[in-house]
Structures are given as C-alpha cells and as structure tokens.
Amino acid sequence: MSWSSEEMSFMAHAIEVAERGRGRVRPNPLVGCVLVKNGKVIAEGWHDHLGGLHAEQMAIHDAEENGYSPNGSTAYVTLEPCNHHGRTPPCTESLMWAGIKEVVVAHRDPNPTVRGNGINVLENEGIVVREGLLQDEAAFQMQPFLHWCENMRPLVTLKVAMDCDGNVDDLASESHRFTSEASLDAVHYLRKEVDAIIIGVETVQRDDPALTIRRVESEKQPLRVVMDRTLRIPQDSRLLNDEHETLVLHSQGDEFEWSQRMAPAEDGFISPEAVLRMLGDRGFQEILLEGGPSTAQHFLSSGLVDRVVLISTDTQFKQGVPFGISNEDLRANDMEVVNEFDWGGDKVHCWSKKGLGWPTSSWPTPL
Ligand code: AOF
Ligand code: ZN
C-alpha cells in the first residue's frame with residue numbers, strides 16, 4: 001500500500017498525541033487518534049490513563065466539542081480499534097455510531113481478546129479500513145505492550161554505576177553516592193518509566209535504599225521487588241517501613257503478609273524467569289534492575305536483560321567490588337551500544353538487544 005505524505009502526517013499527528021498518556025496507561029498501550037474531514041484535522045484523542053476513554057472515543061467527543069460532526073470523517077488511529085467490552089465499551093461501536101466512513105490503522109492489536117476482530121467488524125459494517133501506515137513507528141511507541149503480549153513478561157533495563165576501574169562498590173567506605181547530580185536525576189526518570197524495580201537482598205543490607213521517585217515529579221511509585229531467597233531482609237529496612245509497596249521473594253521461612261514464596265532454581269537462586277513471569281502475569285511491562293553484581297549476572301546469563309544503562313564515573317574506589325560483566329559479555333548476549341550520554345561529567349553507555357532500539361533519543365530523560 002502506498003501512502004501520501006498528507007496521510008503520513010495525519011498518522012504522525014496521531015502518534016504524537018498518543019505520547020500524552022505516557023506513564024499513565026499501563027498495562028494498556030499508548031494510543032492516539034485524529035479525525036480528518038475535507039483534508040483537515042477536526043479532532044484529536046488519546047488514551048490518557050488506565051480506565052479513561054480510548055483514543056477513538058476521546059476523538060469523537062473532541063470533534064463534537066470543537067463544533068464538528070464526526071459523521072463522514074476518516075479516523076487515523078495508531079492501534080486497531082478494540083471490539084470488546086473492557087474498561088470501556090468497544091471502539092468499533094463508537095466509530096460506527098459516529099458515522100466514521102474510513103479507518104486508517106497503523107498497527108494491529110495483538111491482545112488475544114481483541115485480535116483481528118476490530119478490523120473485521122468495521123469492514124462488515126461497510127467502513128473502509130486500511131492498515132500499516134507508519135506501522136513501525138507505532139510499534140516502537142507501544143513496544144513494552146507488544147513485547148508483553150508476545151512474551152508475557154516485561155522488558156528489563158539494567159542500571160549500573162561504576163568507578164573508573166569498573167567497580168560498583170567500595171568496601172573501604174560506607175555506601176555513598178558517587179555519580180553526578182544529573183545521573184541521579186536520570187535514574188529517577190528511569191524509575192518513572194518502569195512498573196517495578198528489582199534488587200537483591202545484599203543491596204538492601206548494604207545500602208538500605210528507598211528506591212522511590214523523589215528527584216522528579218511522579219504520580220506513582222514503582223513496586224519494589226527484593227530477591228531474598230533465605231529471607232534475610234532486615235526488618236528495619238526502609239523498603240519495609242515506608243508507605244510504598246515492597247514484594248519480598250523468598251523460598252523458605254515464615255510467610256509474611258508482604259512477602260511471596262518463589263521456588264529457587266537448581267543453583268539455589270530464585271529463577272529470574274519465574275520472577276518475570278510472575279510480574280508479567282500482573283501486567284508489568286517494564287522493569288528496572290538496580291541490584292548488585294550477582295543479581296545482574298543472574299538476569300544476564302538467563303538472557304533476560306534487554307537494555308543496560310552503564311554509568312562510568314571518574315571516582316576511584318580504594319577497595320573496589322568489580323561489576324564483573326564486561327563489554328564482551330554484553331556483546332555475547334547479542335547487545336550493542338545504541339546511545340551515549342554525558343550526565344554531568346559521567347560517561348553513559350546505553351546497550352540494547354540488537355533490533356530493539358532505544359525508546360527515544362534522550363530516554364530515560366525527557367526529550
Ligand atoms: C483501542 N483504543 O485507545 C486503546 C486500546 O480494558 P480496556 O478497556 O482498558 O482495554 C484494554 C485493551 O484495549 C488493551 O489491552 C488494548 O488491547 C486495547 N487498547 N484499544 O481501541 C485505545 N488503548
Ligand atoms: Zn477501544
């Protein structure tokens with residue numbers, strides 16, 4: 001199918017407005033829609049937050065609010081319209097009632113409950129449907145959703161900060177921050193992008209981190225997940241005593257209200273696959289791994305790390321604990337450097353599984 005530059009600009013507009021829901025729609029995808037009549041955009045809509053209107057329905061309302069009838073217009077929508085009664089009524093019905101004559105779709109919806117049906121239903125009602133316009137761009141925007149539909153597990157980003165010799169901790173001193181202010185901000189932006197943060201219990205014992213989003217504004221906090229096979233987590237740790245949720249995964253000992261039992265793998269560690277499957281079942285699509293070297297190694301050797309944000313500082317530790325994962329190890333895991341940043345003097349290398357790409361040119365910080 002060939003598309004005119006005008007059509008491409010309408011779909012690009014729909015992708016642009018879809019961004020407005022970023023951070024608020026999980027486990028749903030970002031979706032945008034514009035209505036076009038006589039070559040002019042008369043309305044825009046996007047899925048703004050979970051439980052809110054779907055993009056098509058918001059666009060139809062917007063047309064009416066702008067004093068236009070949606071009747072006879074063409075809808076450019078980034079995702080195939082749904083045909084199911086979920087948190088909202090089916091978009092197929094809204095489009096039919098509004099008298100939309102044509103629907104242009106960027107990407108099909110792989111969600112098993114809506115798969116293929118939306119387009120068929122519209123066509124059966126005599127609405128012209130064309131699909132595939134800016135499909136790759138739309139797929140990139142809803143990557144965590146598509147990845148989750150396909151694999152039923154979240155995308156995993158590993159974050160590591162190192163001294164100039166590749167060490168992640170200094171046993172000669174108390175745990176302290178050694179990255180730049182800009183790097184600290186970036187990590188808080190990264191936390192904002194994810195649904196959960198995973199760490200190993202050693203990190204809790206050593207650092208007693210809060211793992212909350214504090215340096216940048218956020219409406220929600222990620223779930224904190226501690227891999228703690230033998231339930232060693234100190235009862236007075238921050239993670240267990242603030243108002244936010246923490247999930248402690250262990251495989252023996254008493255069951256606590258906030259904890260969850262997981263079976264350990266043969267090597268005695270809780271299996272990363274099982275953790276990601278469990279989080280995937282709960283609709284989690286993006287995970288940040290902030291754990292120490294052994295947690296990182298575990299996920300990496302299971303092939304379950306999709307992206308790595310490697311922060312290198314000028315600091316030199318006296319008694320360094322090596323990260324233990326080399327660039328060669330990352331390459332052997334089919335990863336490549338896709339972006340480089342300078343965050344307040346820290347050198348940052350962004351690695352990604354081949355073909356996955358990087359969410360935006362400045363991700364995790366805003367464009
Ligand atoms: C659309 N337009 O704007 C979105 C769609 O349970 P619900 O109502 O929140 O629906 C969730 C599913 O609907 C979601 O997983 C995806 O398959 C589709 N999302 N569909 O027609 C939209 N956000
Ligand atoms: Zn819908």
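Near residue 285, the amide H atoms lying under 5 Å from its own belong to 195; only residues 5 or more places off or on other chains count, and H is placed 1.01 Å from N. If you sort 251, 2 by accessible surface, 1.4 Å probe, largest first, the order is 2, 251. The angle between the Cα long axis of helix 272-281 and the main principal axis of the chain comes to about 30°, on a 0 to 90 degree scale. Say a paramagnetic label sat at a point 7 Å from the Cα of residue 302, along Cα to Cβ; which residues of segment 188-228 have their backbone N under 14 Å from it? Flagged as within label range: 198-201, 225-228. In the context of the full set of protein chains, residues of segment 1-85 present 43 Å² of accessible surface per residue (probe radius 1.4 Å, heavy atoms only). Residue 164 exposes around 70 Å² of accessible area when a 1.4 Å probe is run over every protein chain in place. Between 116, 99, 67, the GNM of the chain built on Cα springs shorter than 10 angstrom shows 67 fluctuating the most. Counting protein heavy atoms only, the chain has 47 percent of its accessible area on carbon and sulfur, 1.4 angstrom probe.
The stretch between residue 205 and residue 84, if pulled fully straight at 0.36 nm per residue, gains 38.8 nm over its current Cα-Cα span.
Taking all protein chains as they are arranged and a probe of 1.4 Å, the heavy atoms of residue 343 leave approximately 20 Å² accessible to solvent. Derived scalar couplings between HN and Hα for segment 108-114 equal 5, 8, x, 4, x, 7, 10 Hz in order, rounded to whole Hz, by the Karplus curve 6.51 cos²θ - 1.76 cosθ + 1.60 (θ = phi - 60°), x for Gly and Pro. In this simple spin-label model, placing a label point 7 Å from the Cα along the Cα-to-Cβ direction at both residue 326 and residue 130 gives a separation of 5.4 nm. In this structure the amide hydrogen of residue 41, modeled in the peptide plane, comes within under 5 Å of no amide hydrogen from residues 5 or more places off or on another chain. Estimated at the nearest 10 Å², the accessible area of residue 56 is 10 Å² with a 1.4 Å probe. The Cα atoms of segment 233-345 define a convex hull whose projected area, averaged across directions, is 10.2 nm². Solvent exposure of segment 121-225, expressed per residue, is 43 Å² of accessible area, with all protein chains present and a 1.4 angstrom probe. Overall shape: oblate for segment 201-290, with the ratio a/c of the largest to smallest alpha carbon gyration tensor axis at 1.5 or above and b/c at least equal to a/b.
Sequentially through segment 62-69, phi angles give Karplus couplings (6.51, -1.76, 1.60; θ = phi - 60°) of 4, 4, 4, 5, 7, x, 10, 8 Hz, Gly and Pro residues having no value and appearing as x. In this structure, the amide hydrogen of residue 79, modeled 1.01 Å from its nitrogen in the peptide plane, lies closer than 5 angstrom to those of 32, 106, 107, counting only residues at least 5 positions away or on a different chain. Once the Cα atoms of helix 181-193 and of the chain are each reduced to a long axis, what angle between those two axes, in degrees from 0 to 90 to the nearest 10, is obtained? On a 0 to 90 degree scale, this one is about 50.
Suppose each label sits 7 Å from its Cα in the direction of the beta carbon; what would the residue 214-residue 50 distance come out to in nanometres? Distance between label points: 2.5 nm. Entry note, the chain: relative contact order of 15 percent, from Cα contacts under 8 Å with a spacing of 6+ residues. Taking a point 7 Å from the Cα of residue 362 along the Cα-to-Cβ direction, the residues of segment 148-186 with backbone N closer than 16 Å to it are 182-186. The mean accessible area for residues of segment 276-356, using a 1.4 Å probe and ignoring ligands and nucleic acids, is 43 Å² per residue. Of the GluC sites (Glu not before Pro) found in segment 260-367, the ones in coil according to DSSP and having at most 11 other Cβ atoms within 10 Å of their Cβ are 266. Pairwise Cα distances in the chain exceed 27 Å in 52 percent of cases.
The values are calculated or read from the model by the stated rules, or taken from the named source; none is laboratory data. Remember, it's a predicted structure, so these values are computed and weren't measured experimentally. Heads up, the Cβs are rebuilt from the backbone with ideal geometry, glycines too, and the neighbour counts pull from every protein chain shown. The protein model used for the area step is the full one, side chains on, heavy atoms only, and it has no ligands, DNA or RNA in it. Shrake-Rupley method; radii C 1.70, N 1.55, O 1.52, S 1.80 Å.
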